[in-house]
Amino acid sequence: MSKNIGLFGLGVVGSGYYQITQKIQQFIPKKVVVKDPHKPRALQVAQLAYEADYILEDETIDLILELISDADEAHHIVSNALEKGINVISANKKLIAENLKELLELQQKHGSKLLYEASVAAGIPIIEVLETHYALEPISKISGILNGSSNFILTKIFEEGISYQEALTEAQKLGYVEANPYLDVSGSDAASKLSILSLHAFGAIIHPDNILKLGIEDISHEAVDLAKSHDAVIKLIATATVQEQAIHAFVLPTFLPKTHELAQVAYEYNGIEITSDYQGEQFYKGKGAGSYATGASVLSDVKKLALGKGYAYNKYLQAKNLHHETSSHIDIYLSSSNETIISKLGIQTREFIRNEEGIQLIGKVSLQSLLENQKAIENNAIFIANISQELAHLSIDRLGEKVLVQR
Ligand SMILES: NC(=O)c1ccc[n+]([C@@H]2O[C@H](COP(=O)([O-])OP(=O)(O)OC[C@H]3O[C@@H](n4cnc5c(N)ncnc54)[C@H](OP(=O)(O)O)[C@@H]3O)[C@@H](O)[C@H]2O)c1
C-alpha cells in the first residue's frame with residue numbers, strides 16, 4: 001500500500017484530488033511539485049516545490065501522480081518513475097496515447113504499474129469497465145462523446161442559438177477548455193482518448209496522429225439549421241469499429257437524431273456506447289471534465305493500486321493481426337465559403353448548393369481522402385460532418401434553394 005505519494009500539478013485535476021484527500025483524510029500527497037513559484041495558490045500545501053527532482057529523487061516516494069499540463073515534462077516524469085519501478089497514475093491522454101507501446105514496455109520491464117482512468121471521460125470508469133467487465137468479450141464498436149469542452153460548446157450553440165465564438169468564450173470562463181483550446185475543438189483530444197480506448201477495447205495500438213479527426217471550429221449556421229430542420233443535433237463523435245481484423249477509427253462532427261442516446265449527452269458530460277458480442281449495446285454517461293470528477297477518478301486509481309490491481313491488457317495480449325483501415329467510405333455533409341480544395345477530396349456528391357455564402361453539399365467520401373487532406377480542410381475553414389445511418393435521408397433540398405446535383 002502506497003504511503004508516500006508525490007503529486008505533480010495542482011491545477012484543475014491536481015487540486016481536485018488534493019481537496020478530496022483532505023476531506024477523506026486518506027492518500028494525502030506527501031510532496032507536491034508545480035511549475036510557477038509566483039502563482040497565488042488557494043490551496044495551502046506544506047511540502048511544495050518547483051523542481052521535479054524534489055519528488056523524483058526522494059526514495060521514500062512510492063507512488064507518483066502525474067497531473068500536469070505539459071506533455072513533454074509529463075513524459076519525463078512518467079518514464080523516469082516507471083524505470084525506477086515506481087507506480088504512476090496519469091491523467092495525460094496526449095502523453096499516454098502517443099507513447100502507448102513504450103509505456104507498456106516500461107511497465108513490463110521494470111514491474112511498475114501505470115493507471116490512467118482520469119485521462120478518458122474523467123468520471124466514467126470506462127477503462128476499468130473495458131479491462132474487467134469486457135475482458136473476455138469481443139467488442140465490435142466503441143463510440144462516444146469524449147471531449148466535454150466541445151460538447152459544452154455544441155450544446156450551447158444548439159440550445160441557446162449563440163455563435164461558436166460566444167460558446168467557446170463561455171467554456172473558457174468556466175474552465176472547461178484546455179490551456180490550448182485547439183486540442184479540444186479540433187478533435188485531437190478525443191483522438192488521443194480513442195487511441196487509449198482502442199487499446200483496452202480491441203488490443204490495438206493506433207497512434208493518434210493516424211486517426212482522422214475533424215473539429216467543430218468551422219461549424220456553420222447552415223449546418224446547425226440543417227440539423228434542426230431534421231430534428232437532429234451535431235455532436236463531436238469518436239468512433240472505432242472492428243470488422244474482421246480491420247479497425248476503422250475517426251473523430252468527426254456527426255449529425256445524430258435528437259432521440260439518439262449520444263444526442264442527449266449535454267454540456268460537459270461524456271457518453272460512451274459499447275457494442276459487444278454477448279451484451280449487445282450498453283451506454284455509459286458521466287462527467288467528462290472538472291476538478292472533483294477527475295480528482296475522484298485519480299483517487300479510485302490510487303485505491304486500485306493499494307489493492308494491488310493494475311491493467312491486465314488482456315485484449316492487447318490476445319490481439320492478432322489487427323490493422324488500421326482507412327479505405328472505407330462515409331456519408332458526409334460539407335459547408336464552406338472556399339471551394340479551392342474541395343475538388344481534391346474525391347467526393348461522390350449527391351446534393352449541392354452554391355449561394356452567396358458559399359457551398360453546401362452532401363455526398364460520400366473515403367476516410368483516406370479526408371485523412372490525407374485533414375490539414376487543408378482545417379486551414380481552409382471547411383466544415384465536414386459525418387451523417388449517421390439514422391439520418392441517411394438528410395437533405396439540403398429542404399432549405400428551399402436550388403439543389404444542383406441530385407442522384
Ligand atoms: N481539466 C480536466 O477536466 C481534465 C480532465 C481529464 C484529464 N485532464 C488532464 O490532466 C492534466 C492536468 O490538467 P489540468 O486541467 O489540471 O491542468 P491545469 O489546470 O492547467 O494545471 C496544470 C498544473 O500543472 C502544473 N505544471 C505545468 N507544467 C509543469 C511542469 N513542467 N512541472 C511541474 N508542474 C507543471 C501547473 O503548475 P502551476 O500551478 O505552477 O502553473 C499546474 O498546477 C492534463 O494532462 C489534462 O489533459 C484534465
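The values are calculated or read from the model by the stated rules, or taken from the named source; none is laboratory data. Nothing here was measured: the structure is a model prediction, and the numbers come from that model. Here the Cβ is made from the backbone with ideal geometry for all residues, glycine too, and neighbour counts use every protein chain on show.
Annotations for the structure displayed:
- Every test in (1) within 17 Å of Val224 (Cα to Cα); (2) surrounded by 22 or more Cβ atoms within 10 Å (Cβ to Cβ) is passed by Ile353 save one, and that test is (2).
- When segment 344-376 is filtered for residues that are aliphatic (A, V, I, L, M) and not in a helix (DSSP H, G or I), the ones remaining, listed by number, are Ile347, Ile353, Ile359, Leu361, Ile362, Val365.
- Helices (runs of 4 or more DSSP H) wholly inside segment 4-123 containing at least 1 residues that are within 11 Å of the ligand (Cβ to nearest atom) and either surrounded by 14 or more Cβ atoms within 10 Å (Cβ to Cβ) or at positive phi (or both): 12-24, 53-56, 71-83, 93-98
- Candidates in segment 27-49 are the residues that are over 30 Å from the mean Cα position of the chain (by Cα) and not aliphatic (A, V, I, L, M); of these, the one that is nearest to Ser149 (Cα to Cα) is Pro40.
- The number of residues in segment 294-333 being part of a helix (DSSP H, G or I) and closer than 16 Å to Leu65 by Cα comes to 13.
- Subset of segment 157-187 that is assigned to a helix (DSSP H, G or I) and touching a residue at least 60 places away in the same chain (Cβ under 8 Å) - its residue that is surrounded by the fewest Cβ atoms within 10 Å (Cβ to Cβ): Glu159
- Segment 389-404, subset part of a loop (DSSP other than H, G, I, E, B) and at pLDDT 80 or above, residue nearest to His329 (Cα to Cα): Ala392
- Filter result for Ile384 (of a type in the set (A, V, I, L, M) and part of a strand (DSSP E or B)): yes
- In summary, Ala306 fulfils each of the numbered conditions (1) within 30 Å of Val365 (Cβ to Cβ); (2) surrounded by fewer than 18 Cβ atoms within 10 Å (Cβ to Cβ) with the single exception of condition (1).
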